[in-house]
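Colleague: Before I ask anything, let me first share the structure, which is written out below as structure tokens.
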Amino acid sequence: MERIVVVGAGQAAGWAVSTLRQEGFTGEIHVVSDENQIFYERPPLSKQVLSKEATYDSLNLFSPEQIDAFSIHLHKPDRATQIDRVSQQVTLESGKVLAYDKLLIATGSRARVPANTWKDIPNVVTLRDVQDCERLAKRLDTAQSVAIVGGGWIGLEIAATARKQGKTVDVFEYAERLCAR
Ligand SMILES: Cc1cc2nc3c(=O)[nH]c(=O)nc-3n(C[C@H](O)[C@H](O)[C@H](O)COP(=O)(O)OP(=O)(O)OC[C@H]3O[C@@H](n4cnc5c(N)ncnc54)[C@H](O)[C@@H]3O)c2cc1C
């Protein structure tokens, strides 16, 4: 039986799995996710979810029944750490090794921090996933002032939410203007 391994379980992975089944792929689909919540959209994290107008469940692309119907083998939370293209195998952090006929890498992107040492500072947070959002929302509950590094859409959306909550906000941006990219 043909086997497709999908690394990552974000929006791209979710729609790829759905399309594969819709178009009649009957082989095995293995999905590797380093997050617990799978197949969800991130845009509301910096908008309605951060401002508590929407729940984390509302982010889900599919109902549990739809996910059941995809009939996937889910490896979570686990992380793909190595790909061997010659033997067509993916190694996971847990030690599992998954052979594949086709491999889809849908690992998205990650938040950049100005220096690695920033990761160890307790009141520095990034916003990329559900866990980050929970951490940031909790911090915002008690913060009086917020410094935002990055004046792109996500930074400004967080700024707007923080301002609505009455916080003082400073935005730091190294480009000449906001949202330049
Ligand atoms: C806060 C926020 C707001 C946004 N707002 C907008 C918006 O308003 N409009 C818009 O168009 N876009 C927006 N985006 C961007 C949009 O969410 C992304 O373009 C989209 O999520 C990309 O989907 P993806 O499936 O490629 O990657 P992702 O959604 O990032 O999913 C990748 C998944 O792979 C996992 N992963 C990574 N490496 C591994 C590994 N080695 N093993 C296992 N799993 C792994 C990641 O943890 C993640 O769960 C926003 C993003 C964020 C974070």
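The values are calculated or read from the model by the stated rules, or taken from the named source; none is laboratory data. Treat the numbers as computed from the prediction; the structure is a model and nothing was measured. Methodologically, a virtual Cβ is constructed for each residue, glycine included, from the backbone with ideal geometry; neighbour enumeration extends over all protein chains shown. The area values use the complete protein model at the heavy-atom level, side chains included, leaving out ligands, DNA and RNA. Shrake-Rupley method; radii C 1.70, N 1.55, O 1.52, S 1.80 Å.
Colleague: Provide a single number: the residues in the range 145-181 that are touching a residue at least 40 places away in the same chain (Cβ under 8 Å), open to solvent by less than 60 Å² (accessible area, probe 1.4 Å) and farther than 15 Å from ASN123 by Cβ.
Modeller: Number of matching residues: 2.
Colleague: Does ALA16 meet the test of being open to solvent by 60 Å² or more (accessible area, probe 1.4 Å), in a helix (DSSP H, G or I) and of a type in the set (A, V, I, L, M)?
Modeller: When the stated conditions are applied, ALA16 does not pass them.
Colleague: Can you find, within the range 19-38, the residue that is most open to solvent (accessible area, probe 1.4 Å) among those that are near the ligand (Cβ under 9 Å from one of its atoms) and in a loop (DSSP other than H, G, I, E, B)?
Modeller: Result: ASP34.
Colleague: On the basis of being in contact with a Gly (Cβ under 7 Å, 6 or more places away or on another chain) and either of a type in the set (S, T, N, Q) or farther than 15 Å from LEU50 by Cβ (or both), does VAL171 make the cut?
Modeller: yes
Colleague: Considering each residue of the range 44-55, count those that are open to solvent by less than 70 Å² (accessible area, probe 1.4 Å) and either closer than 22 Å to LEU103 by Cα or within 10 Å of the ligand (Cβ to nearest atom) (or both), and give that number.
Modeller: Within the range 44-55, the subset open to solvent by less than 70 Å² (accessible area, probe 1.4 Å) is 44-46, 49-51, 54.
Keeping just the survivors that are either closer than 22 Å to LEU103 by Cα or within 10 Å of the ligand (Cβ to nearest atom) (or both) gives 44-46, 49-50.
Total meeting the criteria: 5.
Colleague: Of the numbered conditions (1) farther than 25 Å from GLN48 by Cα; (2) among the charged types (D, E, K, R); (3) part of a helix (DSSP H, G or I), ARG177 fails exactly one; give the number of that condition.
Modeller: (3)
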